[in-house]
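Colleague: I have a structure I would like to understand better, so I am pasting it below and will then ask my questions one at a time.
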Amino acid sequence: MTGPSSPAAPRDPGLQPERTRLAWRRTTLACAVATSLAARQALRAGTGPVSLLCVALAALAWLCFLGVAARRIRAVSVPRPPALSPRAAAAAAGCTLALAAFGAALTR
């Protein structure tokens, strides 16, 4: 008798992998929008060295998040994807917090 948690049981992923891919893409797009808005704010408020540094760091955080998301999207395309590693989760959370911090620094 094989149950759903048995290693021999076939996996029926349904639409979960597709939903996961779409969620990572949507989050990456949201980070890109946040970075664009940060650049817009910096240009409107005057381009000082601190503003340029915040925009550059926000763009770097977005690129790092893009890398994490791309790796995760590739990882969920296999029948038995591995769990998200703590390192990747910390990197995604760190990039998100960094974007928020750089955006907040631009509003001062």
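Colleague: Suppose R0 equals 25 Å; then what is the FRET efficiency for LEU22 and ALA101 from their Cβ-Cβ distance, rounded to the nearest 0.05?
Modeller: 0.40
Colleague: With Rg and Dmax of the Cα atoms in Å defined as stated, name the option among (1) 18.5, 69; (2) 18.2, 72; (3) 17.6, 67 computed from the structure displayed.
Modeller: (1)
Colleague: Return the single residue from LEU63, LEU15, LEU84 with maximal mean-square fluctuation; model: Gaussian network over the chain, springs between Cα atoms under 10 Å.
Modeller: LEU15
Colleague: Quick one: Karplus J couplings for the range 96-108, per residue in order, coefficients 6.51, -1.76, 1.60, θ = phi - 60°, nearest Hz, x for Gly and Pro?
Modeller: Per-residue couplings from phi come out as 5, 5, 5, 4, 5, 5, 5, x, 5, 5, 6, 7, 6 Hz.
Colleague: Please build a GNM for the chain, connecting alpha carbons under 10 Å apart, and tell me which residue among THR20, THR96, THR28 fluctuates the most.
Modeller: Among THR20, THR96, THR28, the largest mean-square fluctuation in the Gaussian network model of the chain belongs to THR20.
Colleague: Of the heavy-atom accessible surface of the chain (probe 1.4 angstrom), what whole percent is carbon and sulfur?
Modeller: 67
Colleague: Could you give the length gained on full extension between ALA91 and SER36, defined as 0.36 nm per residue of separation minus the Cα-Cα distance, in nm?
Modeller: Full extension from ALA91 to SER36 adds 17.7 nm.
Colleague: A further question follows. Measure nothing fancy, just the Cα-based angle from helix 16-45's long axis to the longest principal axis of the chain, in degrees from 0 to 90, nearest 10.
Modeller: The helix 16-45 is inclined about 0 degrees to the chain.
Colleague: Using helices alone, I'd like the mean residue ellipticity at 222 nm for the chain: each DSSP H run of four-plus residues gives -39500 (n - 2.57), total over residue count, nearest 500.
Modeller: -25500 deg cm²/dmol
Colleague: Rounded to the nearest 20 Debye, what is the dipole magnitude of the chain about its Cα centre when Lys and Arg each give +1 and Asp and Glu each give -1 at the C-beta?
Modeller: The dipole of the chain has a size of about 80 debye.
The values are calculated or read from the model by the stated rules, or taken from the named source; none is laboratory data. Values in this document were obtained by computation on a predicted structure and should not be read as measured data. FYI the Cβ positions are ideal-geometry reconstructions off the backbone, even for glycines, and counts take in every protein chain you see. In case anyone asks, the SASA skips ligands and DNA or RNA and just uses the protein heavy atoms, side chains included. Shrake-Rupley method; radii C 1.70, N 1.55, O 1.52, S 1.80 Å.
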